[in-house]
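Colleague: Input: one structure, supplied below.
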Amino acid sequence: QVQLVESGGGLVQAGGSLRLSCVASGSIFSTNAMAWYRQAPGKQRELVATVTRGSSTSYVDSVKGRFTISRDNAKNTVYLQMNSLKPEDTAVYYCNAFPLPLHNWGQGTQVTVAS
C-alpha cells in the first residue's frame, strides 16, 4: 500500500519561506506525475503545483513566481519550496499523484503564515 508522508510545515511570518517534503512509498513515483495540493479552513482542497516524471512543472496562478516544485526520483521525494509567503497561503498541504490522486491521502503538513 502506498504511503505519503508530508513534512516541513510550520509557522512563518509573511514574506518568509518554507520547504515542504513528501516521501512516497511504493511505485507511485515511477508511474505518476506528482502534485502538491492544499486545503484552507472551510475551503475545498485545491491543486497548487505539479511535476511530471520528466520534471516539467506547472503552478496555479496564485503561487507562480513564489513556489517551486521539484522531485528526486531516487529518493521517492517531492519538494515544494515556498518563498514570499502570504497569509492566504495558510493551509494544510498534501502531496499526491496527478491528475488522479490516490484514495489514501497522507496526514498533510500545516503551513501557517502570520501577517
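Colleague: Given (1) touching a residue at least 60 places away in the same chain (Cβ under 8 Å); (2) open to solvent by 40 Å² or more (accessible area, probe 1.4 Å), where does ARG45 come up short, assuming only one miss?
Modeller: (1)
Colleague: Somewhere in region 10-18, is a residue within 15 Å of ASN104 (Cα to Cα) and either without any contact (Cβ under 8 Å) to a residue 12 or more places away in the chain or open to solvent by less than 40 Å² (accessible area, probe 1.4 Å) (or both)?
Modeller: Let us first name the residues in region 10-18 that are within 15 Å of ASN104 (Cα to Cα), namely none.
Within region 10-18 (the criterion being within 15 Å of ASN104 (Cα to Cα) and either without any contact (Cβ under 8 Å) to a residue 12 or more places away in the chain or open to solvent by less than 40 Å² (accessible area, probe 1.4 Å) (or both)), the answer is no, since none of the residues qualifies.
Colleague: Give me the residue from region 56-115 that is among the charged types (D, E, K, R) and more than 17 Å from SER21 (Cα to Cα) and, out of that set, surrounded by the most Cβ atoms within 10 Å (Cβ to Cβ). Give the steps one after another, and end with the answer.
Modeller: The initial filter retains those residues of region 56-115 that are among the charged types (D, E, K, R), namely 61, 64, 66, 71-72, 75, 86, 88-89.
Now restrict to residues that are more than 17 Å from SER21 (Cα to Cα): 61, 64, 86, 88.
Values: ASP61: 6, LYS64: 10, LYS86: 14, GLU88: 11.
Top of the filtered list is LYS86.
Colleague: Can you name every residue in region 1-18 that is closer than 14 Å to MET82 by Cα, part of a strand (DSSP E or B) and not polar (S, T, N, Q)? Don't jump to the end; show me each part of the working.
Modeller: Filtering region 1-18 down to residues closer than 14 Å to MET82 by Cα leaves 7-18.
Pick out the ones that are also part of a strand (DSSP E or B) and you get 7, 10-13, 18.
Listed by number, the residues that qualify are GLY10, LEU11, VAL12, LEU18.
Colleague: Here is a follow-up. If THR31 passes every condition in (1) open to solvent by less than 60 Å² (accessible area, probe 1.4 Å); (2) at pLDDT below 95; (3) of a type in the set (S, T, N, Q) but one, which one does it miss?
Modeller: (1)
Residue by residue, here is whether (1) within 25 Å of GLN1 (Cβ to Cβ); (2) part of a helix (DSSP H, G or I); (3) basic (Lys, Arg) holds:
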residue: LEU20; (1), (2), (3): yes, no, no
residue: PHE29; (1), (2), (3): yes, yes, no
residue: MET34; (1), (2), (3): yes, no, no
residue: LYS43; (1), (2), (3): no, no, yes
residue: SER55; (1), (2), (3): no, no, no
residue: SER62; (1), (2), (3): no, yes, no
residue: ILE69; (1), (2), (3): yes, no, no
residue: TYR93; (1), (2), (3): yes, no, no
residue: ALA97; (1), (2), (3): yes, no, no
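Colleague: Name the residues in region 38-79 that are among the small types (Gly, Ala, Ser) and in contact with a strand residue (DSSP E or B) (Cβ under 8 Å, 6 or more places away or on another chain), would you?
Modeller: Passing the criteria: ALA40, ALA49, SER55, SER58, SER70.
The values are calculated or read from the model by the stated rules, or taken from the named source; none is laboratory data. The structure displayed is predicted, hence computed values, not measured ones. Reconstructed Cβ throughout: ideal geometry from the backbone, glycine too, with neighbour counts over all protein chains shown. Quick note on the areas: whole protein, heavy atoms, side chains included, nothing else; ligands and nucleic acids left out. Shrake-Rupley method; radii C 1.70, N 1.55, O 1.52, S 1.80 Å.
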